[in-house]
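Below: one structure, written as structure tokens.
The values are calculated or read from the model by the stated rules, or taken from the named source; none is laboratory data. Only a predicted model underlies this, so the values are computations on that prediction, with no experimental measurement involved. Cβ placement follows ideal geometry from the backbone for every residue including glycine, while neighbour counts extend to all protein chains displayed.
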Amino acid sequence: MRRTRSRKRKATWMRLRNPDAIKRRRKRMRYTQRDLGALVGCSHTMIGLLETGKIKTCTHKLAERICNRLDMDLDDTFEVPQAVSMPKMSSVQPNTTATA
């Protein structure tokens, strides 16, 4: 009997609305970036990049963990970015005329 692989679902990405809000709340709760990263399951570098705005998105799971730990509202802190629709590609006919 053939075993089928389970496919992983694509993660939902969330965009941080205000990077400074996380930093202010983290400092108010007296967490270091390293502390918060360890508590939510990511690196302190990721926390720092989110706080400075160098990374604008993270997974829904991480956004939820950060908001729960910092006692912040998920909908006020993060948003689901609008899906970007790609234009349809039409079949392109190769140029048959030779240029000299």
Kindly indicate which of R30, R34, R15 is more than 14 Å from C67 (Cα to Cα), out of contact with any helix residue (DSSP H, G or I) (no Cβ under 8 Å at 6 or more places or on another chain) and charged (D, E, K, R). R30
Of the candidates P94, P81, the one satisfying the condition of being assigned to a loop (DSSP other than H, G, I, E, B), under 19 Å from the mean Cα position of the chain (by Cα) and at pLDDT below 95 is P81
Of all residues in the stretch 40-56, count the ones that are without any contact (Cβ under 8 Å) to a residue 24 or more places away in the chain and loosely packed, with under 14 Cβ neighbours inside 10 Å. 3
Anything in the stretch 45-70 that is among the polar types (S, T, N, Q) and at pLDDT 95 or above? List them, or say none. T45, T52, N68
Return yes or no: is A21 surrounded by 15 or more Cβ atoms within 10 Å (Cβ to Cβ), in a helix (DSSP H, G or I) and in contact with a strand residue (DSSP E or B) (Cβ under 7 Å, 6 or more places away or on another chain)? no
